[in-house]
Amino acid sequence: CDLGAQQRKFYQETLEKTRRELFEMEMAGTDSNRVRFAAFTELLRLRQVCVDPRILDSEYAADESAKLAAFDELLNECLDNGSRILVFSSFVSALKLLAAHLKAQGHRFAYLDGQTKNRLAVCDSFNADAGIPVFLISLKAGGTGLNLTGADTVVHYDPWWNPAAEAQAKVDAEAKAAA
């Protein structure tokens, strides 16, 4: 998604802050492993800004999130076509923002993250109830072995650094299509 002006500005500000902090660490002679860890932490923050700036700044306006606007377009198209959607994210905070957004719009959804007690029951409920058009799933919590045949569309809300987890989500959707 192309970032809007406000989100792009926030990204650039975060990037400049990151560069300054890493430069200052290097100039201060900080251990290279600590600098490397700090760099990965800052890359994570930059990814979060791209997903939804509200992850880092709760005062940020939801309508300024390019990815949320793109998600709404896709969601409406899928709902119009009668499709059911699996939405994967590596950020639980993004899933919680999506859950609040869906709830505010009156959409039913299933939800699975690391705090979910009975993963199988949640999956079975989604598969059995065609009135639940969206399933929000944490990539880490979703893992492998889930039978998610109730959906025909997979959305990776934010690409993850683990292609195997993304591939599993696609396999689950393809199994449904072949059935």
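The values are calculated or read from the model by the stated rules, or taken from the named source; none is laboratory data. Every value quoted in this text rests on a predicted model; they were computed, and no experiment measured them. Cβ sites come from the backbone with ideal geometry, for glycine too, and all protein chains shown count toward neighbours. The area values use the complete protein model at the heavy-atom level, side chains included, leaving out ligands, DNA and RNA. Shrake-Rupley method; radii C 1.70, N 1.55, O 1.52, S 1.80 Å.
Details
- Accessible area of T149 in the full protein assembly, 1.4 Å probe (Å², nearest 10): 50 Å²
- Net charge of Cβ neighbours under 15 Å - reference T116; Lys, Arg +1; Asp, Glu -1: +2
- Kirkwood hydrodynamic radius of segment 30-92, from inverse mean 1/r over distinct Cα pairs, in Å: 14.0 Å
- Longest segment of the chain lacking trypsin sites (Lys or Arg not before Pro) that sit in a DSSP loop with at most 14 other Cβ atoms within 10 Å: 1-107
- For the chain, the share of accessible area belonging to carbon and sulfur comes to 52 percent (1.4 Å probe, ligands and nucleic acids excluded).
- Calculated diffusion of segment 4-45, Stokes-Einstein form, Kirkwood radius summed over Cα pairs, 37 °C and 0.692 mPa s, µm²/s: 302 µm²/s
- Around the amide H of V155, modelled in the peptide plane, lie the amide H atoms of L86, V87, F88, all under 5 Å away and 5 or more residues distant in sequence or on another chain.
- Ligands, DNA and RNA are left out, and with a 1.4 angstrom probe the accessible area of the chain is 56 Å² per residue.
- Per-residue HN-Hα couplings for segment 36-43 [Karplus 6.51, -1.76, 1.60; θ = phi - 60°; Hz; x = Gly/Pro]: 4, 4, 4, 5, 5, 4, 5, 4
- With all protein chains in place and ligands, DNA and RNA left out, the 1.4 Å accessible area ranks E64, E13 as E13, E64, largest first.
- Remark on the chain: hydrodynamic radius 17.7 angstrom, per the Kirkwood mean of 1/r across alpha carbon pairs.
- Helix-only [θ]222 nm of the chain, DSSP H runs n ≥ 4, -39500 (n - 2.57) each, per residue, nearest 500: -18500 deg cm²/dmol
- Under Karplus coefficients 6.51, -1.76 and 1.60, residue-wise ³J(HN,Hα) of segment 50-59 in Hz, glycine/proline x: 5, 5, 6, x, 5, 4, 9, 9, 5, 7
- Cα extents of segment 65-108 along the three principal axes, largest first (Å): 28, 19, 18
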